[in-house]
1. Inspect segment 263-279 for any residue being touching a residue at least 24 places away in the same chain (Cβ under 8 Å), assigned to a helix (DSSP H, G or I) and charged (D, E, K, R) and give the result as yes or no.
2. Considering each residue of segment 32-66, count those that are assigned to a loop (DSSP other than H, G, I, E, B) and not small (G, A, S), and give that number.
3. Exactly one condition in (1) buried (at least 19 other Cβ atoms within 10 Å of the Cβ); (2) not in a helix (DSSP H, G or I) is not met by L322; state its number.
4. Name, by its number, the condition in (1) in the same structural domain as G276 (by TED's automatic domain parsing); (2) touching a residue at least 24 places away in the same chain (Cβ under 8 Å) that does not hold for D181.
5. Does segment 186-196 contain at least one residue that is touching a residue at least 40 places away in the same chain (Cβ under 8 Å) and either surrounded by 16 or more Cβ atoms within 10 Å (Cβ to Cβ) or more than 23 Å from the chain's Cα centre (by Cα) (or both)?
6. Filter segment 197-249 down to the residues that are aromatic (F, W, Y) and either without any contact (Cβ under 8 Å) to a residue 12 or more places away in the chain or surrounded by fewer than 23 Cβ atoms within 10 Å (Cβ to Cβ) (or both) and list them by number.
Amino acid sequence: MELDRLLKLMTDKGASDLHLKPTRPPLLRISGRLLPLEAETLTMDVLSEMLLSILNPRQKAKLEEKMSVDLGYGVRGLARFRCNIYMQRGNIAACFRRIPYQIKSLEDLDLPKVLLEFCSMPMGLVLVTGPTGSGKSTTLAAVIRHIAKNRPVHVITIEDPMEFLFSDDMASISQREVGTDTGAFSEALRNAMRQDPDVIMVGEMRDPETVATVISAAETGHLVFSTLHTNNAPQTIDRILDTFPPDQQGQVRAQLAQILKGVVSMKLVERADGKGLVAALEIMRGSPKVSKMIEKGEISQIHEEIESSVGYYRMQSMNQSLMSLLVHGTITYAEAMRQSADPEDLSLKLRRMFPKIEEQGGEMATSDFSEILELQQFKKLYEEQEAKTKELLAEKELEIDGLHGAIRERDLQADELNRRIQEVAAEREKIRGDYGRLRQEAQEKIDKLMERIKELNQRLMGGAGGGGSVGGDPDRKTGMFSR
């Protein structure tokens, strides 16, 4: 039995994991369930030859020393696989996690749009948490893909082993694998500070040194993404604080209050139609109130703040996410209760919305006449509200008609005023024309009169003799102006 054939079969069946161990057939995890293949039982010799053939000398040495080794394994044209080879009962065993070459977007994964806001932040720390197999790596890959397509930045990923393979787009992406490209997470993080990063993705915060370096990187103006194996935001904060000695925890709380921008806690739940899994998410954002709670050590109050900040900050608790999936029919009532960490709280929330949901096992019984009466009561209330609304609309329509009448009257007045203005303007132009014509006629008459006067004066002056006297009388003046 060849390993590549098993991995191809795993991919064809849509399995997320392949388990190999001696004395039983291979196991596939499909839609969250571990199912055996109809194949021959794996012997210890066959399994050893199959697994050791994919290890290089360094990895073989690590397996002998640590009894476990992580590695990435790819099959050309198929997919990449994250593998852990380990010893159990003195025999070799392995688990392969399928990692598609094609990275899905946040929209393809049907994740809340608030995650897009984390992608555009200039700096800070964003953590994606959850148990093994909850979709943390897939979600982080979608986040990095979105950043690569939309921001001109340098992204550095530090992984053990390398999982998704990113390609440069608007951003430049440098991927470093622990054991191949760097010695350890903490060492790679320290070196990253000298590689001009804008965004840093750390596969997992495994040890105190890595946690401290991640916090320092976020403090120095970088946007840092990482993962933890925790179930909710308060537990995540406590886990980070617990990695430090008690005398340092006050300082770390102050640092987290400043840099922690978000915690996304995930789990995968089975769909109601049985077609795969869907993610339920708790989302905490670093609002001013949350930051203050972290700084003061009021971690237990964060859950209540998350549930009360759905509208403005778009946070949500895990139970609120499960309720949303249930109301939309994506998951069943039984699955919601099974996956809830606080089923009593979820039950209380559901009974407030649907008083009889638990009596009906999460289903609405169509044969129950009492529900018909309830629907009739709701219908009556709706009809009463509808009548009031129609009455209010009628009143508003009358007001609108009155306003339209007033507007029409104003329009008529304005038209009349414009007509009168035009008439006055026409009269003014006519008067101006008449005035110009009369002035021209008067000027012509004056000019003619002046010509006539000039002519008469010349005639009189030319006909007079002796210095202008008549009859020898020197005192008698002649001409037009004689006295």
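1. no
2. Number of matching residues: 9.
3. Unmet condition: (2).
4. Condition (2) is where D181 drops out.
5. Let us first name the residues in segment 186-196 that are touching a residue at least 40 places away in the same chain (Cβ under 8 Å), namely 195-196.
Going one step further and asking which of them are either surrounded by 16 or more Cβ atoms within 10 Å (Cβ to Cβ) or more than 23 Å from the chain's Cα centre (by Cα) (or both), we end up with 195-196.
Looking for residues that are touching a residue at least 40 places away in the same chain (Cβ under 8 Å) and either surrounded by 16 or more Cβ atoms within 10 Å (Cβ to Cβ) or more than 23 Å from the chain's Cα centre (by Cα) (or both), one finds at least one in segment 186-196, hence yes.
6. So in segment 197-249, the residues aromatic (F, W, Y) come out as 225, 244.
Selection gives F244 alone.
Matching residues to (1) in a strand (DSSP E or B); (2) out of contact with any helix residue (DSSP H, G or I) (no Cβ under 6 Å at 6 or more places or on another chain); (3) not assigned by TED's automatic domain parsing to the domain that holds V269:
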{"position": "Y86", "(1), (2), (3)": "yes, yes, yes"}
{"position": "I92", "(1), (2), (3)": "yes, no, yes"}
{"position": "L106", "(1), (2), (3)": "no, no, yes"}
{"position": "F118", "(1), (2), (3)": "no, yes, no"}
{"position": "P122", "(1), (2), (3)": "no, yes, no"}
{"position": "L140", "(1), (2), (3)": "no, yes, no"}
{"position": "V143", "(1), (2), (3)": "no, no, no"}
{"position": "A148", "(1), (2), (3)": "no, yes, no"}
{"position": "I158", "(1), (2), (3)": "yes, no, no"}
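Residue-by-condition table, conditions (1) under 26 Å from I103 (Cβ atoms); (2) of a type in the set (V, I, T):
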{"residue": "A188", "(1), (2)": "yes, no"}
{"residue": "Q195", "(1), (2)": "yes, no"}
{"residue": "T220", "(1), (2)": "no, yes"}
{"residue": "V224", "(1), (2)": "yes, yes"}
{"residue": "P245", "(1), (2)": "no, no"}
{"residue": "Q251", "(1), (2)": "no, no"}
{"residue": "L256", "(1), (2)": "no, no"}
{"residue": "I259", "(1), (2)": "no, yes"}
{"residue": "V263", "(1), (2)": "yes, yes"}
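The values are calculated or read from the model by the stated rules, or taken from the named source; none is laboratory data. Computed from a prediction, not measured in an experiment: that's the story for all the values here. Glycine also receives a Cβ, built like all others from the backbone with ideal geometry; neighbour counts cover every protein chain displayed.
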